[in-house]
Amino acid sequence: ARVISRVLAGEARWHVERAEALAFLRTLPDACVDAVITDPPYSSGGAFRGDRMAATSLKYVNTGTKVDRPEFSGDNRDQHAFGYWCALWLAECARIAKPGAPTCVFTDWRQLPVTADAIQAGGWTWRGIVPWDKGEGTRPQKGRFRSQAEFIVWGSNGAMPLERGVGVLPGAFTVPVLQEDKHHITGKPTDLMRRIVAICAPGGVVLDPFAGSASTGAACLRDGYRFIGSEMTEAYHRIAVDRLAAEERGLSLAAATAGQTSIFDRVKETA
């Protein structure tokens, strides 16, 4: 709580709590963040309950991809349970968000209808859907359209004033997935997240209750926002913390892991 208070006060730039999302959200004060931008577990990957029960590495990793990443939990709810669960945590996020604050929630085509419903059930004003074209690096099937798009369902906490210091934003994004920038099975590109966090008021606090490997947090630190997140899976919480610590030093996670130093480190050594 003390670290979060420091982030909210502008005395620290970020914090990622290791916690279950709904339990964590219930500890945060009212009307304290400027945007909620998150990529929750989709509980997708198939048409039936049995499909959703499969391991996340089987559901979301392309055949032939030889990258070993930790599994993540919370991804096996059926359609009704997924919708009810989303409405619960989105309602908490609406309490935590300032009036007029935006929310952006990732989803895929299977969960797009229920995610749009859940945003409204959680008390947000639904404002639209923004497609993200991932490129053609998706599983092709003859005679069918590629599932190469995911979606950002977005809205606001009530009326959304135009005078927030935010310009006109694109209505669609085409950003490829780069393996060197991907630290989670379903991790989003940092460049994509930088374009999305731009909806937050300049210098504001962004909340992500499903931080994963902290792509949202990395985007925030690069572009002058503060970040509060939570992540339940221990392996991904560690990655998120290490990644944001590296970002604060001006390094990528790979560079920091390899022991490289940044210009900020050299300045400290000579001070």
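Table for the structure above
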quantity: Filter result for the condition that a residue is in contact with a Cys (Cβ under 9 Å, 6 or more places away or on another chain), assigned to a loop (DSSP other than H, G, I, E, B) and more than 30 Å from L251 (Cβ to Cβ), over R139, R164, R110, R146; calculated: R164
quantity: Meets criteria (under 17 Å from the mean Cα position of the chain (by Cα), within 17 Å of I96 (Cα to Cα), assigned to a loop (DSSP other than H, G, I, E, B) and touching a residue at least 24 places away in the same chain (Cβ under 8 Å)) for A159; calculated: no
quantity: Spans of helices (runs of 4 or more DSSP H) in the range 169-260 with at least 3 residues crowded, with 18+ Cβ neighbours inside 10 Å; calculated: 190-197, 215-222, 234-248
quantity: Of the criteria (1) among the β-branched types (V, I, T); (2) crowded, with 21+ Cβ neighbours inside 10 Å; (3) at pLDDT below 95, which one V33 fails; calculated: (3)
quantity: Subset tally (residues that are within 21 Å of the chain's Cα centre (by Cα) and not hydroxyl-bearing (S, T, Y)) for the range 162-178; calculated: 10
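Per-residue answers, yes or no, for (1) open to solvent by 70 Å² or more (accessible area, probe 1.4 Å); (2) more than 22 Å from S44 (Cα to Cα); (3) out of contact with any helix residue (DSSP H, G or I) (no Cβ under 6 Å at 6 or more places or on another chain); (4) not aliphatic (A, V, I, L, M):
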{"site": "R95", "(1), (2), (3), (4)": "yes, yes, yes, yes"}
{"site": "T103", "(1), (2), (3), (4)": "no, no, yes, yes"}
{"site": "G128", "(1), (2), (3), (4)": "no, no, yes, yes"}
{"site": "E136", "(1), (2), (3), (4)": "yes, no, yes, yes"}
{"site": "G165", "(1), (2), (3), (4)": "no, yes, yes, yes"}
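The values are calculated or read from the model by the stated rules, or taken from the named source; none is laboratory data. Fair warning: this is a prediction, and the values are worked out from it, not measured in the lab. All Cβ positions, glycine included, derive from the backbone under ideal geometry; neighbour counts span all protein chains shown. In case anyone asks, the SASA skips ligands and DNA or RNA and just uses the protein heavy atoms, side chains included. Shrake-Rupley method; radii C 1.70, N 1.55, O 1.52, S 1.80 Å.
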